[in-house]
Amino acid sequence: MDEQKHHIVDYLTNIKVWVALAVLTILTVWVSEFNLATLTVAVALSIATIKAILVLSYFMHLKFDSKILIIMVLVTLVIFLSMIIFTFFDYLYRK
Amino acid sequence: MTTTTLPNYLEDKQGKKGLMVWLTTHDHKRIGLMYLAALSVFFIVGVLIGILMRLELLNPGKDIVDPQTYNSLFTLHGVIMIFLFVIPGIPAVFGNIALPLIIGARDVAFPKLNLFSWYLYMFGAMLALGTLLVGDGPPDTGWTFYAPYSVKTGTNVTMAVFAAFILGFSSILTGLNFIVTIHRMRCPGMSWFKMPLFAWALYATSWIQLLATPVVGITLLMIAVERMLGIGLFDPALGGDPVLYQHLFWIYSHPAVYIMILPGMGVISEIIPTFSQRRIFGYKAIAYSSLAIAFIGYFVWGHHMFTSGMSGPARVIFSILTFLVAIPSAIKVFNWLATMYNGSIDMKPPMLYAMGFIFLFLIGGLTGLVNGALAADIHIHDTYFVVGHFHYVMFGGTGFAFFAAMHYWFPKIWGKMYSIKHATRAFWVLFTGFNILYFPMLVVGIMGMPRRYYDYLPQFHLPNEISTVGSWITVLGLVYMIVVLIQGMRKGEKAERNPWHGLTLDWQTDSPPTLENFEEIPTVTEGPYEYK
Ligand code: HEM
């Protein structure tokens, strides 16, 4: 693993990300007060996705890693999203 | 390469004694053999249960077991065959043994993790079989554990579900190990498109193991939580949705059928060019179709649920997607046939099993399309047509590919050769028995006989009789095959390092290989199938 460089994320960035995560968590709770009907899941998942991206990029250093790893995560994300969308083809149209 | 004087991996005990040589080994070949031993035992148990079921079904009415026992029999048979045999199957045994050899590596990327996966597998397997012995009797839900019944039955479901959960972890770790191995340990010169197709197939499979298995883990845990704490996730009486369970279950279990079949296809892609002494036709098409199958395979799970109350649009979408996945499978079949065309075909046992695979998988695949057609499935869902179909793909497909691999790498593994004559005969007995056993199931299914019942109407008698007779011939074939292989292992003639004249790296090293596989890590300059 010689080509691997160690990238160090500075404290300030880490703290910013942490604050962002906390705010997004509060947002999730706040949004749940409203009745968004069919959008409920979409909104909750969108916020969760942003949080996951933050964690992956900074805390797990994906942003500074080789492209192939990023592609792997993206494919995973696409598959995961499709699973949810396909499941909702059932729930949204069920009589 | 010169012949080494180092002991081969079977003799090289690294200073350990007795069973410890095996139980603490980090060698991929030994670990592969430990899986082989365990899988063989479970397979035989599974087959015995299958035979019992067929005996019960010989005549209408009760023959040997009562209904409740029968329910447990098919559940155990399914759980053992699926979770303990076909899912780990080829990757755990032949992936472990052959992957490092064909990519020119000394071992997998994480040898200790590899051993740990084996222990997880054994632990999960013991738990699964333990359901027989403790609690209120073995589960009777079918291998699918459908809610709400699985939440309510008094039988030992929680333990079985937990077992499947542990087995899932073993599968995930093996997948992870292989992905890293393939990315990082290919020998110099082996670019992605110089890699043998078995490695491609394992790569695609590993991704499914890694990404799909967690879903079933969570789902099964949800069942356990619902059973123990009464949280209403799936039980409508508690506000849950049973169809959600089916979604979650099949989101894993459908990709899992590609975990079963893709490595099998990889084995076939190795055997066909070797025994035709021809360059494989459409190398890239086969490699990419593995990835395509793995990818599309994630999106077709709904075809198991056409009759379970899913919405209309969802059913149509899943039916269309199901037809899509047939395309890459067909690409492979056509490429294999084109490879054989004009080749000098050598009908040795590995090739026979490979051709048996193509024939049986074709029937399995095409009957799969019948199931995938929305309108047709409404009629045949949960009939014996489905039972016939999935035995053709899982047993005729993966099972035969497993046997093909066993005959193909046998001389490499043991450094000895089995009797070609008897192995050939065993194949024909097995192949004949197989079709007599399962073809009538397709017919009686179309006639309307439902699956998972210990009894049936008198008009279904004849096909059931034929099928039961077929099960005896099948077992005869299996016993014959096993005896021939064990004889070969014990007393067979010494095998050369390359008895089949293959070009992949596994055949360029000793039979059996040394602990480190290669004296010197090889460098490759051309593709793996450059025959003439
Ligand atoms: C000689 C060998 C075998 C025999 C005689 C046999 C027989 C049967 C029969 C009669 C059933 C239907 C039970 C019912 O619906 O009432 C069944 C179900 C099943 N078999 Fe086999 N089988 C054999 C081998 C295999 C193999 C090798 C596999 C997998 C690789 C397999 C996987 C399954 C599965 C998953 C089920 C469904 C269980 C369920 O409904 O939950 N079988 N088998």
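The values are calculated or read from the model by the stated rules, or taken from the named source; none is laboratory data. Because the structure is predicted, anything quoted here is derived from the model rather than measured. Methodologically, a virtual Cβ is constructed for each residue, glycine included, from the backbone with ideal geometry; neighbour enumeration extends over all protein chains shown. Protein only, heavy atoms only, side chains kept; ligands, DNA and RNA dropped before computing areas. Shrake-Rupley method; radii C 1.70, N 1.55, O 1.52, S 1.80 Å.
Building the convex hull from the alpha-carbon atoms of the protein assembly as shown and averaging its projection over directions returns 30.2 nm². Within the same chain, lysines fewer than 8 places from residue B:112 are excluded, and of the rest, those with a Cα less than 23 Å from its Cα are B:13, B:16, B:17, B:29.
Residue ranges B:337-345, B:256-264, B:74-82 sort as B:256-264, B:74-82, B:337-345 when ordered by packing (mean number of other C-beta atoms within 10 Å per residue, highest first).
Comparing the full protein assembly with the isolated chain, the residues of segment B:207-244 losing at least 30 square angstrom of accessible surface (1.4 Å probe) are B:207, B:211, B:241.
Annotation for residue B:17 and residue B:461: the two label points, set 7 Å from Cα along the Cα-Cβ direction, are 6.4 nm apart. Here segment B:232-312 yields Rg over Rh of 1.23, to two decimals, using C-alpha coordinates and the Kirkwood radius. Remark: mean inter-chain Cβ contacts per residue of B:291-304 equal 2, using a 10 Å Cβ-Cβ cutoff to other protein chain atoms.
For the chain pair A and B, the interface hides roughly 1700 square angstrom of accessible area in total, found with a 1.4 Å probe. For peptide A:77-89, the mean count of partner chain Cβ atoms within 10 Å of a residue's Cβ comes to 5. The residues of the protein assembly as shown present an accessible area of 42 Å² per residue when probed at 1.4 Å with all protein chains retained. Partners of residue A:67 within straight-line reach, counting lysines whose Cα lies under 21 Å from its Cα and excluding those fewer than 8 residues away in the same chain: A:5, A:51.
Put the Cα centre of segment B:286-327 next to the Cα centre of segment B:240-255 and the gap is 14 Å. Sorted from longest to shortest, the spans of the Cα atoms of segment B:1-145 along the three principal axes equal 66, 31, 27 Å.
Within chain B, all pairs of alpha-carbon atoms sorted by distance into 10 Å bins from zero give the percentages 4, 18, 30, 28, 14, 5, 1, 0. Put simply, when B:206-215, A:58-67 are sorted by average Cβ atoms within 10 angstrom per residue, most first, you get B:206-215, A:58-67. The apolar share of the surface of the protein assembly as shown, taken as the fraction of accessible area on carbon and sulfur atoms (1.4 Å probe, ligands and nucleic acids excluded), comes to 71 percent.
Its alpha carbons give segment A:1-64 an Rg and a Dmax of 15.4, 53 Å. Here the relative contact order of segment B:447-532, from alpha carbon pairs under 8 Å that lie six or more residues apart, stands at 17 percent.
Based on Cα atoms of segment B:270-362, Rg over Rh with Rh as the Kirkwood radius reads 1.13. Taken one residue at a time, the phi angles of segment B:244-252 give Karplus couplings (6.51, -1.76, 1.60, θ = phi - 60°) of 4, 4, 5, 4, 4, 4, 7, 4, 7 Hz. Gly and Pro are set to x. Separation of segment B:65-112 and segment B:390-426 by C-alpha centroid, Å? A separation of 16 Å, based on Cα centres.
Counting only DSSP H runs of at least 4 residues, each contributing -39500 (n - 2.57), and dividing by the residue count of chain B, the helix-based mean residue ellipticity at 222 nm comes to -21000 deg cm²/dmol.
In segment B:1-100, Cα pairs under 8 Å separated by at least six residues give a relative contact order of 38 percent.
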